[in-house]
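Enquirer: Let me begin by handing over the structure; questions about it come next.
The values are calculated or read from the model by the stated rules, or taken from the named source; none is laboratory data. Computed from a prediction, not measured in an experiment: that's the story for all the values here. With ideal geometry, Cβ positions are generated from the backbone for all residues, glycine too; neighbour counts draw on all protein chains shown. In case anyone asks, the SASA skips ligands and DNA or RNA and just uses the protein heavy atoms, side chains included. Shrake-Rupley method; radii C 1.70, N 1.55, O 1.52, S 1.80 Å.
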Amino acid sequence: MKWRVIGLETHDAYFNMALDEAISESIRVGSSLPTIRFYNWSPNAVSIGYFQGIRDEVNLDVCRELGIDCIRRWTGGGAVYHDFDGEITYSVIAPAGIFPKNIIESYGLICGWLVKGLGSLGIEAEFRPVNDILVKGKKISGSAQTRRGGILLQHGTLLYGLDLKTMFSVLNVSRQKITDKMIKSAEERVTCILNNRDIDKKDVYEALVNAFTEGKDYESGALSIQENKRAEELALEKYRSDEWMYLR
Amino acid sequence: MIVYSSQKVKEGKIVKVEAQFDNVITKLKISGDFFLHPEEVLDEIEKSMLDLERDVSFDTLAFKIRNIIKNYDAQMIGISPESLALVIREALK
């Protein structure tokens with residue numbers, strides 16, 4: 001099976017999430033190849049899981065103040081702070097039939113590509129079900145998956161740097177309560193590439209591309225005009241809408 | 001009257017339940033950082049709780065949720081029918 005790999009792009013939160021859905025639709029009707037894409041978020045953003053309440057999880061006032069976008073994902077899981085400088089995000093979108101039916105096993109398969117990429121950088125990592133990757137017992141990556149209309153979408157982030165102060169300020173913990181103790185406690189649970197190796201973000205991205213494409217027949221592709229158009233529609237009509245944002 | 005419960009369940013994820021009731025449940029909203037495939041099944045679970053009495057048993061709640069999961073061939077990750085029923089029961093106390 002042939003894959004399409006779309007190299008690192010930067011979009012805002014709404015277009016990024018709309019794009020995952022537009023590509024899913026396109027693969028479903030046979031217009032696009034199974035796709036692996038890498039991307040950044042600009043402006044920085046907070047994404048919440050499909051089942052979460054945005055008011056419960058996100059400090060919307062702080063987001064507005066800092067110019068940080070807020071978005072509900074198409075996938076479950078928890079709230080994530082997406083920092084342009086501090087992470088690389090990936091999406092894998094392909095017919096569900098090529099992955100194990102067992103969801104944990106399919107997480108394991110795709111997260112295995114990430115583990116391999118980290119390994120090639122000299123960072124020993126392990127997959128921790130359900131959806132985490134750990135380095136020395138600390139979380140460095142989280143992923144989320146959905147399967148709709150026969151298409152599997154898994155997207156996830158790899159932490160390159162950590163800005164815990166901003167992360168806590170947007171994730172509904174009041175700024176008064178952001179104590180040194182809380183940051184220290186998070187530092188004990190979460191890690192990033194730069195805490196393990198002083199390496200350029202570009203090199204991390206290249207290691208990921210190599211690991212995700214290893215053994216695959218693939219072409220370096222781009223979005224089709226149709227995918228772009230559909231993503232723009234979805235970004236505007238769905239992902240930016242209050243109806244979607246306040247779904248729960 | 002609106003009641004609320006939030007718990008980190010034993011399968012590892014956070015489940016929040018907000019229920020509105022008069023004599024019976026009139027509205028129920030489940031949220032959290034769990035996974036459920038297909039996602040739309042959560043709407044069915046919420047609907048199935050409507051018109052139940054406030055003192056509905058844990059067994060009845062778990063039975064209803066299990067049935068929906070089975071009927072839709074759904075998969076819950078990070079929660080279970082029993083742990084969801086427990087949080088709903090807690091909210092209705």
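Enquirer: Please work out which residue is modelled with the lowest pLDDT, limiting yourself to the range A:40-63 and to residues that are more than 14 Å from chain B (Cβ to nearest Cβ) and outside any helix (DSSP H, G or I).
Expert: This residue is A:N59.
Enquirer: Being within 12 Å of chain A (Cβ to nearest Cβ) and either under 11 Å from the mean Cα position of the chain (by Cα) or in contact (Cβ under 8 Å) with a residue 40 or more places away in the chain (or both) is the filter here; which residues of the range B:1-17 pass it?
Expert: B:Y4, B:S6, B:E11, B:G12, B:K13, B:V15, B:K16, B:V17 - these are the residues of the range B:1-17 that are within 12 Å of chain A (Cβ to nearest Cβ) and either under 11 Å from the mean Cα position of the chain (by Cα) or in contact (Cβ under 8 Å) with a residue 40 or more places away in the chain (or both).
Enquirer: Further question on the same structure: Within the bounds of the range A:177-197, is there any residue that is charged (D, E, K, R) and either modelled with pLDDT of 95 or more or surrounded by 12 or more Cβ atoms within 10 Å (Cβ to Cβ) (or both)?
Expert: The answer is yes, given that some residue of the range A:177-197 is charged (D, E, K, R) and either modelled with pLDDT of 95 or more or surrounded by 12 or more Cβ atoms within 10 Å (Cβ to Cβ) (or both).
Enquirer: Would the range A:118-126 turn up any residue that is closer than 28 Å to A:F51 by Cβ, touching a Phe, Trp or Tyr at 6+ places or on another chain (Cβ under 7 Å) and not β-branched (V, I, T)?
Expert: no
Enquirer: Separate question: Just the residues that are surrounded by fewer than 18 Cβ atoms within 10 Å (Cβ to Cβ) and on the phi > 0 side of the Ramachandran plot, please, taken from the range B:53-85.
Expert: Hit for the range B:53-85 is B:D73, nothing else.
Enquirer: Collect the residues in the range B:21-52 that are open to solvent by 10 Å² or more (accessible area, probe 1.4 Å), more than 13 Å from chain A (Cβ to nearest Cβ) and within 13 Å of the chain's Cα centre (by Cα), keeping them in residue-number order.
Expert: B:E44, B:K47, B:S48, B:L50, B:L52, listed by residue number.
Enquirer: Residues in the range B:31-68 that are in contact with a Gly (Cβ under 9 Å, 6 or more places away or on another chain) and among the hydrophobic types (A, V, I, L, M, F, W, C): how many?
Expert: 3
Enquirer: Please verify whether B:A91 is among the hydrophobic types (A, V, I, L, M, F, W, C) and touching a helix residue (DSSP H, G or I) at 6+ places or on another chain (Cβ under 7 Å), treating the condition exactly as stated. Give the steps one after another, and end with the answer.
Expert: Details: among the hydrophobic types (A, V, I, L, M, F, W, C): yes; touching a helix residue (DSSP H, G or I) at 6+ places or on another chain (Cβ under 7 Å): no.
When the stated conditions are applied, B:A91 does not pass them.
Enquirer: Given the conditions (1) in contact with a strand residue (DSSP E or B) (Cβ under 8 Å, 6 or more places away or on another chain); (2) over 30 Å from A:N102 (Cα atoms), which single one is not true for B:D22?
Expert: (1)
Enquirer: Sticking with this structure for a sec: Does A:F168 satisfy being touching a residue at least 12 places away in the same chain (Cβ under 8 Å), farther than 22 Å from A:D20 by Cα, part of a helix (DSSP H, G or I) and of a type in the set (F, W, Y)?
Expert: yes
Enquirer: Output the residues belonging to the range A:207-227 that are assigned to a helix (DSSP H, G or I) and exposed (fewer than 15 other Cβ atoms within 10 Å of the Cβ).
Expert: Result: A:N210, A:I225, A:Q226.
Enquirer: Identify all residues within the range A:228-248 that are open to solvent by 100 Å² or more (accessible area, probe 1.4 Å) and outside any helix (DSSP H, G or I); write none if there are none.
Expert: Listed by number, the list holds a single entry, A:R240.
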